[in-house]
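Visitor: Pasting in a structure now, in structure tokens, and then I'll have a few things to ask.
Bear in mind these aren't lab numbers, they're just calculated from the coordinates by the rules spelled out. Small disclaimer: the values here were computed from a predicted structure and weren't measured. Using ideal geometry, Cβ is built from the backbone for each residue, glycine included, and neighbour counts are taken over all protein chains shown.
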Amino acid sequence: MTKRIIHKFGGSCLREPGDIEKIAEVIQGNHQAILVVSALWGTTDRLYRAAKDPRYASRLVQDLSKQHLRFAPGLDSSKNAHLFSMVLHTLKDTLRLLAQDPNDQSALNNLLASGERLSALVVAHRLQEYGFDAYPLGAEDIGITLDGNYQANHVDLQASSTKLDRETLHGTPVITGWFGEGQNKDIAILSRGGSDHSATAIANLIEADRVILWKDVPGIFRLNPRWGIRSETIPYLDYLEAIELSLMDTPVLHPSTIEPLIEPNIQLEVRHLHHSGAEQKTIVGPRLPEDQLKAVGCLPNVISLGFSHHHVDSHQRQLVKILGELAQNEVHWWGLESRLGDSRLIVSQHDMHRAASIFDRFDIEADHHYHLGLLSLIGCRESDMAEINSLFDSTEYELTWLNQTSSAARVAIDGEDLSEALQMLHSFIQQRIQAKVQQI
């Protein structure tokens, strides 16, 4: 049976016309390639700008037409020319509707979706020239349904499974990512970066063998490059480790990307489009027997909110209500300590005022403690925690361990220089990995 592999190409892989030649190269092989594409690099930002600035919108359609024809010469006279023309007409119509009513969410979503529609047309047209049986597909046209109206967090796998027209997925389909049909039958958009989730959701629905996210990086790094510390990519993460790292720090994975892969045990790869033959890549899959400390996720500038009640039962009831209000107001908490009438919650500094207002509603005066950062040590075990405590014993830094799961341990850190602390941890991880390699 022919293997089916989902290849996801984001905007960073669609910067120049030559990128599509590379796409044709990497999807070759003895498998059915199913592509999910984002808009060409920078297109979505231009569409957002046009929605807010009518003066900019006046020349947008012509500019986008020229840009996409530069990537795919002859598209406007091909067998898909009518689809190309239709998308451009939709662009004009939605811009006119938004000029009349800037709050028209349906028009805005149709405007934004045109970026992916144009990209799918361009990629399919070029792949046809390379001999592929490629054709564009709109996600909503094949039954991809999202779990909201206009804005959504996830693909509704149950509804999509019922509606999905699997017979359309022959040859080399090029499917639009990021959007689908909302519960009200209108176009709904996922959050930014949601095209990766589109790809893994489609993998779940068609029982694909593998998903490859093609990026402009060679995998997921042990430490986010934004800290200015050179680190290697992580060869393997299990599903829960990948989710934890995506929540805490990494810009490579969207938090919802992994979830559709867990139950069917579908493997994910993160690879660099222009270094596809290199050994460097990150694989995400089921948990392996051998575990080790792999990476550090870091959320800078967090605050712990402490509160207590002399009656333990009353305190527990308070805590349940507070957690419910935080969830309802979309205030994410990152750590919780609770014992015998005393609790302490960790929230991001930018969520501080919203969290404090919730405490005020319950007439609770919480004490505040600012932390330098919250660290998530991926793959950390109890033995690692003891060694890390020893590492920081003779320094100015203070560690407060919050919680440990099978995938990671979270710890609040206090001190002066977060980059220095991260460098210490990174060096510690590298030494552990090198020692293990030498043992082998």
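Visitor: Using Cα springs under 10 Å in a Gaussian network model of the chain, which residue among LEU245, LEU14, LEU372 shows the largest mean-square fluctuation?
Guide: Result: LEU372 has the largest fluctuation of those listed.
Visitor: Just for the chain, what percent of DSSP beta bridges are antiparallel, to the closest 5?
Guide: Approximately 60 percent, going by the DSSP bridge assignments.
Visitor: Something else: For a quick check: with amide H placed at 1.01 Å from N, whose amide H comes under 5 Å from LEU372's, ignoring anything fewer than 5 positions away on the same chain?
Guide: The list, which skips near neighbours in sequence, is ILE413, ASP414, GLY415.
Visitor: If I model a spin label as a point 7 Å beyond the Cα along the Cα-Cβ vector, how far apart are those points for VAL437 and ARG287 in nm?
Guide: 2.7 nm
Visitor: So how strong a dipole does the chain carry about its Cα centre when Lys and Arg Cβ are +1 and Asp and Glu Cβ are -1, to the nearest 20 debye?
Guide: It comes to approximately 1440 debye.
Visitor: Using helices alone, I'd like the mean residue ellipticity at 222 nm for the chain: each DSSP H run of four-plus residues gives -39500 (n - 2.57), total over residue count, nearest 500.
Guide: -12500 deg cm²/dmol
Visitor: Please compute P(r) over all alpha-carbon pairs of the chain, binned at 10 Å starting from zero, and give each bin as a whole-number percent.
Guide: Percent of pairs per bin, in order: 4, 19, 25, 24, 17, 8, 2, 0.
Visitor: Step through the residues of the stretch 126-132 one at a time and calculate ³J(HN,Hα) from phi using the Karplus curve (6.51 cos²θ - 1.76 cosθ + 1.60, θ = phi - 60°), rounding each to whole Hz and writing x for Gly and Pro.
Guide: Here the 3J(HN,Hα) series is 5, 5, 4, 5, 8, x, 7 Hz.
Visitor: How much FRET efficiency would the formula 1/(1 + (r/R0)^6) give for GLU396 and GLN67, where r is the Cβ-Cβ distance and R0 is 30 Å, rounded to 0.05?
Guide: Once rounded, the FRET efficiency stands at 0.05.
Visitor: Here is a follow-up. What aspartates and glutamates does LYS321 reach when the alpha-carbon gap must be under 17 Å and sequence neighbours fewer than 8 apart in one chain are set aside?
Guide: The reachable aspartates and glutamates, counting only those whose Cα sits under 17 Å from LYS321, are ASP313, GLU330, GLU337, ASP342, ASP360, ASP363, GLU365.
Visitor: Additional query: Going toward the positive end of the dipole of the stretch 211-294, with +1 on Lys and Arg Cβ and -1 on Asp and Glu Cβ, which of ILE243, LEU268, ASN224 do you reach last?
Guide: Value computed over the given set: ASN224.
Visitor: Taking a spot 7 Å from the Cα of ASN329 along the direction of its beta carbon, which residues of the stretch 360-397 have an amide N less than 18 Å from it?
Guide: Answer for this model: 360-369.
Visitor: Could I ask something else about it? Could you give the distance between the Cα centres of the stretch 76-108 and the stretch 355-390, to the whole Å?
Guide: That distance is 48 Å.
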